[in-house]
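Colleague: Just dropping this structure here.
The values are calculated or read from the model by the stated rules, or taken from the named source; none is laboratory data. Fair warning: this is a prediction, and the values are worked out from it, not measured in the lab. Backbone-built Cβ (ideal geometry, glycine too); neighbour counts: all protein chains shown. To get the accessible areas, we keep the full protein, side chains included, count just its heavy atoms, and leave off ligands, DNA and RNA. Shrake-Rupley method; radii C 1.70, N 1.55, O 1.52, S 1.80 Å.
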Amino acid sequence: MLTANFIDALTSPRNLASLPDPWPESGLSCQADVLRLDRLHPQFSGNKPFKLIGHLDAFASSGKRALLSFGGVWSNHLHALAALGQQTGIPVVLVVRGYAHLPLTPTLRDCADWGAQLVFVDKATYRRRYEPSWQAELADEYDALVIPEGGGSDAGLSGCRRLASVCAHYDEVWLACGTGTTALGIAQGLNELDAATTVVGVNAVADQGFLSRHWSSLMPGGINWRVIDDAHGGGFGKVSPAHLALIHHFDALHLPLDPVYTVKLVAAFLAAEKQGLNAGKRILLVHSGGLQGRRGGGLDLPLT
Ligand SMILES: *Cc1c(COP(=O)(O)O)cnc(C)c1O
């Protein structure tokens, strides 16, 4: 089944690779590997599948017809959910923030091609996406299990816990964070394994310390962690010329990065490297995917 294949794929040598050395003259001060979740599957890749896998158990026992969730017109989450629907035959309903009269983005084009039903709502309606009453209406109308935006929640966490066994071999595991669910799930898994790995979250959102406070209350007591809060580069989705240059640099090294999350992860890692903070460590960078979103930044898809 889907889940077992995914977990096997993680340990395939193809998906666990050394970080290409961006400075061949001086070299890196640590042993850095990359977990290439972007390479798990041609359509269904990155961290989102792990968050979604956790929801499949709830779906199986829900008796519902379809899966429904929310997102923007470039959403990696909606893209992954549509791919999941196509792979499993489960009908998928995507509630999209935006307007039906605009041309479909390549992201939504893919989703529609894979058979997902797109439901466009205006921005005011979309703001209600966390309201239980609206979620209940949608669940009724589409006979669907509602997955929160971004795939968070306990079910999302449980799928991400499965990533921990790969991370447990390292001193530190670094991830780009949005909601921080993936990293928190990994931390829970590491705690269950009694691993000494430190979890490092590179915040892609300028959130005034929200993620740090969230983790302070929810991180398992046995886990060392830190949040890097100065790598968002001006805010969520903001891409500076330096980020673009880094993307092109790593394209040439065959490590394609996305402009919203993974380029900020690598930039933060290299900044720590320059400060000598990584010396002698074994570090795993999680490539959380998102490459389909490069099309939103005017970047080509990589040819891998
Ligand atoms: C959604 C996403 C993230 C953030 O995941 P969280 O679990 O919300 O922290 C990171 N990287 C990519 C590429 C994503 O699509």
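Colleague: Can you tell me which residues in segment 166-179 are in contact (Cβ under 8 Å) with a residue 40 or more places away in the chain and either more than 18 Å from Phe236 (Cβ to Cβ) or within 6 Å of the ligand (Cβ to nearest atom) (or both)?
Modeller: Residues of segment 166-179 in contact (Cβ under 8 Å) with a residue 40 or more places away in the chain: 166-167, 169-178.
Val166, Cys167, His169, Tyr170, Asp171, Glu172, Val173, Trp174, Ala176, Cys177, Gly178, listed by residue number.
Colleague: Here's a follow-up. Tell me which of these Leu118 doesn't satisfy, since it passes every other one: (1) surrounded by 15 or more Cβ atoms within 10 Å (Cβ to Cβ); (2) touching a Gly at 6+ places or on another chain (Cβ under 7 Å); (3) not β-branched (Val, Ile, Thr).
Modeller: With respect to (1) surrounded by 15 or more Cβ atoms within 10 Å (Cβ to Cβ); (2) touching a Gly at 6+ places or on another chain (Cβ under 7 Å); (3) not β-branched (Val, Ile, Thr), Leu118 is out only on (2).
Colleague: I'd like to check something: does segment 254-266 contain any residue that is open to solvent by 30 Å² or more (accessible area, probe 1.4 Å), more than 24 Å from Ser165 (Cα to Cα) and more than 15 Å from the chain's Cα centre (by Cα)? Give the derivation first.
Modeller: Looking only at segment 254-266, we keep the residues that are open to solvent by 30 Å² or more (accessible area, probe 1.4 Å), and these are 254, 260-261.
This time we only want the ones that are more than 24 Å from Ser165 (Cα to Cα), so: 254, 260.
Subsequent filtering for residues that are more than 15 Å from the chain's Cα centre (by Cα) retains 254.
The answer is yes; a qualifying residue exists.
Colleague: I've got another one for you. If you check Val200 against the conditions, is it within 13 Å of the ligand (Cβ to nearest atom), assigned to a loop (DSSP other than H, G, I, E, B) and free of Cβ contacts under 8 Å to residues at least 40 places away in the same chain?
Modeller: no
Colleague: Return a yes/no flag: does segment 18-29 have any residue that is under 20 Å from Gly293 (Cβ atoms) and surrounded by 15 or more Cβ atoms within 10 Å (Cβ to Cβ). Show your work before the answer.
Modeller: Filtering segment 18-29 down to residues under 20 Å from Gly293 (Cβ atoms) leaves none.
The answer is no, given that none of the residues of segment 18-29 is under 20 Å from Gly293 (Cβ atoms) and surrounded by 15 or more Cβ atoms within 10 Å (Cβ to Cβ).
Colleague: To continue, here is another question. Taking segment 174-196 as the search range and keeping residues that are under 20 Å from the mean Cα position of the chain (by Cα) and more than 22 Å from His243 (Cβ to Cβ), which one is most open to solvent (accessible area, probe 1.4 Å)?
Modeller: Once the filter is applied, the top-ranked residue is Gln188.
Colleague: Now, a different point. Checking the structure you have, find out if any residue of segment 132-149 is hydroxyl-bearing (Ser, Thr, Tyr), within 16 Å of the ligand (Cβ to nearest atom) and open to solvent by 10 Å² or more (accessible area, probe 1.4 Å).
Modeller: Within segment 132-149, none of the residues are hydroxyl-bearing (Ser, Thr, Tyr), within 16 Å of the ligand (Cβ to nearest atom) and open to solvent by 10 Å² or more (accessible area, probe 1.4 Å).
Colleague: Please identify the pairs in which a residue from segment 283-304 that is closer than 16 Å to Phe44 by Cα has its Cβ atom under 6 Å from the Cβ atom of a residue that is surrounded by 23 or more Cβ atoms within 10 Å (Cβ to Cβ) and small (Gly, Ala, Ser), counting only partners at least 6 apart or on another chain.
Modeller: From segment 283-304, the pairs are Ser288/Gly46; Ser288/Ala176; Gly289/Ser45; Gly289/Gly46; Gly290/Gly46.
Colleague: Six or more apart or on different chains, Cβ under 7 Å: which pairs go from a residue in segment 36-53 that's within 12 Å of the ligand (Cβ to nearest atom) to one that's part of a helix (DSSP H, G or I) and of a type in the set (Val, Ile, Thr)? Could you list them?
Modeller: Asn47/Thr182; Phe50/Thr182; Lys51/Thr181; Lys51/Thr182
Colleague: Here's a follow-up. For segment 49-79, give me each residue that is buried (at least 24 other Cβ atoms within 10 Å of the Cβ) and of a type in the set (Lys, Arg).
Modeller: Within segment 49-79, just Lys51 meets the criteria.
Colleague: Follow-up question, since we're still on this one. So Leu157 ticks every box in (1) within 13 Å of the ligand (Cβ to nearest atom); (2) outside any loop (DSSP other than H, G, I, E, B); (3) farther than 20 Å from Ser45 by Cβ but one. Which box is left unticked?
Modeller: Condition not satisfied by Leu157: (3).
Colleague: Sticking with this one: Considering every residue within segment 94-105, establish whether at least one is within 16 Å of the ligand (Cβ to nearest atom) and either touching a residue at least 60 places away in the same chain (Cβ under 8 Å) or over 22 Å from the mean Cα position of the chain (by Cα) (or both).
Modeller: Checked against the condition, which is being within 16 Å of the ligand (Cβ to nearest atom) and either touching a residue at least 60 places away in the same chain (Cβ under 8 Å) or over 22 Å from the mean Cα position of the chain (by Cα) (or both), segment 94-105 yields at least one hit.
Colleague: Separate question: What number of residues within segment 150-165 are closer than 20 Å to Ala17 by Cα and open to solvent by 10 Å² or more (accessible area, probe 1.4 Å)?
Modeller: Going through segment 150-165 one residue at a time, the tally reaches 2.
Colleague: Hey, another quick one. Leu145 is checked against (1) closer than 29 Å to Cys30 by Cβ; (2) touching a helix residue (DSSP H, G or I) at 6+ places or on another chain (Cβ under 8 Å); (3) outside any helix (DSSP H, G or I) and fails just one. What number does that condition carry?
Modeller: (1)
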